[in-house]
Amino acid sequence: MNHRIEVTHADITTLKTDAIVNAANNSLLGGGGVDGAIHRKAGPQLLDECRTLNGCETGGAKITQGYNLPARFVIHTVGPVWRGGNNNEDDLLASCYRNSLRLAGENGCHTIAFPGISTGVYRFPKERAAGIAIQQVKDFMEHNTTPEKVIFVCFDEESHNIYQKLLNR
Ligand code: AR6
C-alpha cells in the first residue's frame, strides 16, 4: 500500500498530477491559503467554472478543469472548521478525502495530490488530520485501483514530519 503513497514538501500549484485537491469553502468562489494560490495560478476561467457549481456542502467535493495549472483537474472539497472536536469534524474531514478520491477515480485520474485540508485557517489539529487523511486513503486504495498514486503535499516542515512519522509506523 505505502508504495502508492508519497509525501512531499511543495507548493501544490506546481505539481503535474492528474488532479490537485483544493481546500475550499462552501461558496467555492475562492479565498486565502491554498485556495487563493490555486485560483491565482489557474487564472480567471477557474472562477468562471466554479460559479456554475452552486457551492459545495462541507465534506463534499466537486471537480473542475485545471486551466493554467500543470494539473489537469482541480477537485474542490470543503473541510470542516475545527470547533473543539465534538461537532462531527473527524467524519466530515474523512468524507472530504473519500469524496475527492471517488471523483478522481470516476474521472480517470491516476495521480492526485492533497493539501492538509482544514489544517490552516480552519484550525484542524495537524496530526489528527493527517491520521484521518492516511486512513481514508489506505481504505480507499484497498478497494480501488484508481487513483494509483496519492501525494500528500506538506507546505511546512512540521506537517512533513508528521506524515513521515505516521506513514513509517
Ligand atoms: N500548497 C500546498 N499547501 C498549502 C499551500 C500551497 N500553495 N498554501 C497553503 N497550504 P488553508 P483550510 C497548506 O488555510 O484550513 C481558504 O480561505 C496550509 O499550510 O488553505 O482548509 C478557503 O477559501 C495548510 O496546511 O485551508 C477557506 O475559506 C493547508 O494548506 C479556508 O481557507 C490548508 O490551509 C479553508 O481553510
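Which value in deg cm²/dmol, rounded to the nearest 500, describes the helix-derived mean residue ellipticity at 222 nm for the chain, given -39,500 (n - 2.57) per DSSP H run of n ≥ 4 and division by the residue count?
The per-residue figure over the chain is -12000 deg cm²/dmol.
Here the accessible area of the chain is 48 percent carbon and sulfur, with a 1.4 angstrom probe and all protein chains present. As a ratio to 2.2 N^0.38 Å, the alpha-carbon radius of gyration computed for region 2-167 takes the value 0.93. At a probe radius of 1.4 angstrom, the accessible area of region 2-167 per residue rounds to 45 square angstrom. Distance distribution note for region 99-162: the fraction of Cα pairs above 13 angstrom is 63%. Over 23 Å apart at the Cα level, from the set LYS16/LYS149; LYS16/LYS165; LYS16/LYS41; LYS41/LYS165; LYS62/LYS149, are LYS16/LYS165; LYS41/LYS165. Normalised by the residues of region 1-110, what does the relative contact order come to in percent, with Cα pairs under 8 Å and at least six apart? Over region 1-110, the number comes to 28 percent.
The values are calculated or read from the model by the stated rules, or taken from the named source; none is laboratory data. Computed from a predicted structure; not experimentally measured. All accessible areas refer to the heavy atoms of the entire protein, side chains included, with ligands and DNA or RNA removed. Shrake-Rupley method; radii C 1.70, N 1.55, O 1.52, S 1.80 Å.
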